[in-house]
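The structure under discussion appears below in the form of structure tokens.
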Amino acid sequence: MNSRQKQNYNNRNDHNNRKVLSVIYPIFAYFLVCQAVNILVGMFPVSAQIDAVKRQGMGSLAAFFVLYFCFIRGETTDSGEKKKVFAVPVSGHLAVGMLIAVLLLGCAGIGMNNLISLTELKQASDSYQTVEQAFYSSSLGWEILALGLITPVAEEFLYRDIVFSRLRELMGRDGAIVGSALIFGLIHMNIVQTVYACALGLVLGILVEYYQDVRV
């Protein structure tokens with residue numbers, strides 16, 4: 001390998017390393033913000049009254065704004081225009097996609113719950129049982145708001161917008177669908193949520209690839 005070839009090889013490696021880091025650091029930023037909010041909330045005089053679900057919602061909300069202003073708003077599309085998310089009208093095609101997503105993911109979620117309940121996964125995972133107890137420690141209203149709305153929206157922007165698009169540049173369409181699903185699953189750190197999130201992550205990745213809009 002001559003000096004020019006070696007330089008080109010090093011440049012390609014540096015480029016790929018930067019792309020890999022561009023996938024990793026938004027995830028790191030998300031969890032860093034969530035952890036920072038959790039620590040700050042713990043300093044409040046009334047922190048004992050703020051349960052795990054409320055802390056999750058507060059951390060995810062703060063992390064969403066960090067993701068949006070630091071990683072989403074400043075990005076450009078393939079045509080070189082500034083990327084827009086909320087300002088783009090919902091077309092009929094996208095509205096149909098949203099309806100399909102609701103039905104498909106609803107059925108998939110129920111199916112995954114039933115399949116997991118037929119196994120010993122829940123009993124075998126102490127960490128999942130701890131998470132389950134924490135997530136059912138609050139009122140129904142807070143569970144819906146924090147775990148059904150705020151956290152899912154924040155995580156979809158992270159995994160199906162930022163991570164997905166950057167993996168697509170690095171690994172192509174199929175690599176982005178599979179890679180984002182695996183990261184989404186493994187980041188939950190217990191076998192039950194990993195299996196569940198990986199399966200649904202594949203469906204979510206296919207939907208966002210087909211409709212090219214994270215809102216679906």
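General observations
- Rolling a 1.4 Å probe over the heavy atoms of the protein chains gives the chain an accessible area of 60 Å² per residue.
- Helical contribution to [θ] at 222 nm, DSSP H n ≥ 4, -39,500 (n - 2.57), averaged over the chain, rounded to 500: -23000 deg cm²/dmol
- Across the stretch 87-145 the C-alpha pair distances fall into 10 Å bins from zero in the proportions 18, 27, 34, 16, 5 percent.
- Largest accessible area first, the residues 20, 216 order themselves as 20, 216 under a 1.4 Å probe with ligands, DNA and RNA left out.
- Matching label, Cα extents along the principal axes in Å computed from the structure shown, candidates (i) 58, 45, 39; (ii) 61, 50, 27; (iii) 63, 43, 40: (iii)
- Computed on protein heavy atoms with a 1.4 Å probe, the accessible areas place 121, 202, 149 in the order 149, 202, 121, largest first.
- Across the chain, the mean sequence separation of Cα contacts (distance under 8 Å, 6 or more residues apart), normalised by length, yields a relative contact order of 25 percent.
- Gain on full extension, evaluated as 0.36 nm per residue between residue 38 and residue 206 minus their Cα-Cα distance, stands at 57.2 nm.
- Förster radius 30 Å - calculated FRET efficiency between residue 171 and residue 110, Cβ distance, rounded to 0.05: 0.45
- Three-way shape label, the stretch 143-206, alpha-carbon gyration tensor, a/c 1.5: oblate
- Length released on extending from residue 96 to residue 130, taking residue separation times 0.36 nm less the Cα-Cα span: 8.4 nm
- A Förster radius of 22 Å, combined with the Cβ-Cβ distance separating residue 122 from residue 189, puts the computed FRET efficiency at roughly 0.90.
- Farthest positive-ward along the chain dipole, Cα basis, beta-carbon charges - from 25, 136, 96: 25
- At least 24 Å along the helix axis (C-alpha) and Kyte average at least -0.5, DSSP helices within the chain: 3-42, 92-117, 191-211
- What you get for the chain, charging only the Cβ of Lys and Arg (+1) and of Asp and Glu (-1), is a dipole of about 760 debye around the Cα centre.
- Once the chain from residue 47 to residue 24 is taken as fully extended at 0.36 nm per residue, the excess over their C-alpha distance is 5.2 nm.
- Shape call, the stretch 47-149: gyration tensor on alpha carbons, a/c limit 1.5: oblate
The values are calculated or read from the model by the stated rules, or taken from the named source; none is laboratory data. The structure displayed is predicted, hence computed values, not measured ones. A quick note on method: Cβ atoms are made from the backbone with ideal geometry, for glycine too, and the neighbour counts reach across all protein chains shown. The area values use the complete protein model at the heavy-atom level, side chains included, leaving out ligands, DNA and RNA. Shrake-Rupley method; radii C 1.70, N 1.55, O 1.52, S 1.80 Å.
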